[in-house]
Every structure is written in C-alpha cells, then in structure tokens.
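Report on one structure; see the data block that follows.
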C-alpha cells in the first residue's frame, strides 16, 4: 500500500502513540468511531518502552502514517537536529531520547509529532467539545498545567511549543503563598496543578471539600490563564480537561472571574457567553490517543502535497 492510499472510507488508517509519563497508548484507527486496535503499555525506561511500542506497531498492517503525542518538553522544529526528541525532562533517563526519528526510520511512514496537550487539543477540535471550530485552546490541569493553541486547524508554535502553565498570574489579593513550581514558584502550575493543591491543603485534591476556600485561588489562577489565552490567541472556545477540573466547581467560578478580569475588553459574543466559551473536555482520556491520529493524518497530508507535481 502506498503512503497516500486509503481504504474503507475517506480517512486514512493511522497508527497513533500517546506517550505519557506513566502509560502509553498505541491506537490504530481513523477516528473515534473507527478504531481497529488499542493497546496500553506502562512507561518505563526509554529503550524498553520504545521497544514495546515497536512490538505493537510491528503487529499492525495497513497504516499509512504515524502520529505521536508525547509528554514534554519536546523538540518540534523539523529543521532542528533534535526534532522528535524529548529535550530536558525530569523523567529519569528520557532527556534527549529520539522518539519520532526512530519510528520514522523503522516504518518509513510520515510521522507527526507534538505534545500530548496539543494532540488532545486537535482531537477536541476535530471530534470533541470544540467540534467544527478551527481556532481553539485546550488546557489540561492535572499533575501539571499545559495548554495548546490551535489556529486554522493547526498548532500555534514558534521555536518550540507553548508553556502556558508557567505564566506568572496576577495574584489573588492577599495571597502570598510561594507555590510549588521548582522554576517559578507561584506560576499557574505552581498554584493550580494537583501537586500544588495537595501541598497547600495537606491532602489530595479529591479529598478537599468543594466549598473549601482553597478552590477560589485555583480558579483565580486558571482564569488568569484563560485571560492570557484570550489576549494572545483569541480562541473561539477554550476546552478544559484533566483531573483537577472535577473539583471545586471550577468552571462556573472561572467564567465569572474571566469576565471581571477582561473588564469588557474584546466583547465578542463567543467570549461574552462564558457558558459556551469555557467548556469541559468531551473526549476524556481518549483525547491524547485520538490526537495522535490527527497528527499522523496531518503529516501524511503534508507529504502528499509535497509529492504533487507543480502546476503549469
């Protein structure tokens, strides 16, 4: 089968890999309603983990592209020598690990590579809570805080991917807690991620009462992130996922705080209607693997366009 060939429908068959900090998901499919296989693996040391992923992909046939949505930080600049690598990470042994290049050499297919949060953003835009919108943001709030901006259906990138979780927010009045981020202390991640909540409360977030005053500070920090996303990317919707978002009635608090923070600036109906602007993710833990499918499809499309003969 050639790289551009499709079978059984309009969408190509893609092998996707969501590479997470504790587990990996390998998926073979065309979309959420056309998944042919799915395998979960533990994330261990790099060599054993990548060998296990290859063993799964070796048993699959017919896929014409590969997508990888990985924990980060990662190198996404295709002109960089370390494209497709995990860069400097706190996960033992993974700094400098080549992921995308290794799979590209093994299978000879076009490979799409990005962060897991951007993968989830692409999936939510394609099939989830932002379906039909080409310009969105997706934020995950869990062990860390990450965000992906999508414009015209593609990630918004520069030298590398955005690190919105490390923005320093305007602090809630009277709050001088130092935060937990080892780099920035009271950045958004250092104030609102799961470990920050646990450190401040002295217990896990799911043990903190929904009416505990702690949640007001979490909502304030996340509303400041929403404010920054509005003013930088002007997304048509911001989708929120991750385990922390289930606590403290966060979305209603954040909607009110964002309206106050914006102060009437950018009064677009899409933004003013907070109930439809800040929304919960729809795909759950499937967003990352499905996002890998989108990344693989985008890489295939880029290669196909490059192979087309010039017009004229």
For the stretch 258-271, enumerate the residues that are part of a helix (DSSP H, G or I) and either outside the structural domain of residue 229 (by TED's automatic domain parsing) or exposed (fewer than 13 other Cβ atoms within 10 Å of the Cβ) (or both). 260, 269
Scan the stretch 118-155 for residues that are crowded, with 24+ Cβ neighbours inside 10 Å and assigned to a helix (DSSP H, G or I) and report the count. 8
Do the conditions hold for residue 297, that is, is it at pLDDT 95 or above and either buried (at least 19 other Cβ atoms within 10 Å of the Cβ) or farther than 24 Å from residue 76 by Cβ (or both)? yes
Which condition number in (1) touching a residue at least 60 places away in the same chain (Cβ under 8 Å); (2) in contact with a strand residue (DSSP E or B) (Cβ under 6 Å, 6 or more places away or on another chain); (3) under 15 Å from residue 238 (Cα atoms) is the one that residue 283 fails? (2)
Of all residues in the stretch 161-176, count the ones that are touching a helix residue (DSSP H, G or I) at 6+ places or on another chain (Cβ under 7 Å), buried (at least 16 other Cβ atoms within 10 Å of the Cβ) and in a loop (DSSP other than H, G, I, E, B). 4
Working only within the stretch 230-252, note down all residues that are surrounded by fewer than 23 Cβ atoms within 10 Å (Cβ to Cβ), at pLDDT 90 or above and assigned to a loop (DSSP other than H, G, I, E, B). 234, 236, 237, 242, 249
Free of Cβ contacts under 8 Å to residues at least 12 places away in the same chain and farther than 19 Å from residue 121 by Cβ: does that describe residue 306? yes
Can we say residue 158 is within 19 Å of the chain's Cα centre (by Cα), outside any loop (DSSP other than H, G, I, E, B) and assigned by TED's automatic domain parsing to the domain that holds residue 274? no
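Residue 311 - would you say it is closer than 28 Å to residue 31 by Cβ and either at pLDDT below 95 or in contact with a helix residue (DSSP H, G or I) (Cβ under 6 Å, 6 or more places away or on another chain) (or both)?
No; evaluated as a whole, the condition is false for this residue.
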Does residue 199 fit the bill of being without any contact (Cβ under 8 Å) to a residue 24 or more places away in the chain, out of contact with any helix residue (DSSP H, G or I) (no Cβ under 8 Å at 6 or more places or on another chain) and more than 26 Å from residue 277 (Cβ to Cβ)? yes
Assess whether residue 255 counts as being part of a helix (DSSP H, G or I), in the same structural domain as residue 197 (by TED's automatic domain parsing), in contact with a strand residue (DSSP E or B) (Cβ under 6 Å, 6 or more places away or on another chain) and within 29 Å of residue 173 (Cβ to Cβ). yes
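Select from the stretch 272-285 the residues that are modelled with pLDDT of 95 or more and part of a helix (DSSP H, G or I) and write down the one among them that is farthest from the chain's Cα centre (by Cα).
By that ranking, first place goes to 276.
The values are calculated or read from the model by the stated rules, or taken from the named source; none is laboratory data. The model shown is predicted, which means the values in this text are computed figures rather than measured ones. So basically every Cβ, Gly included, is an ideal-geometry build from the backbone, and we count neighbours across all protein chains shown.
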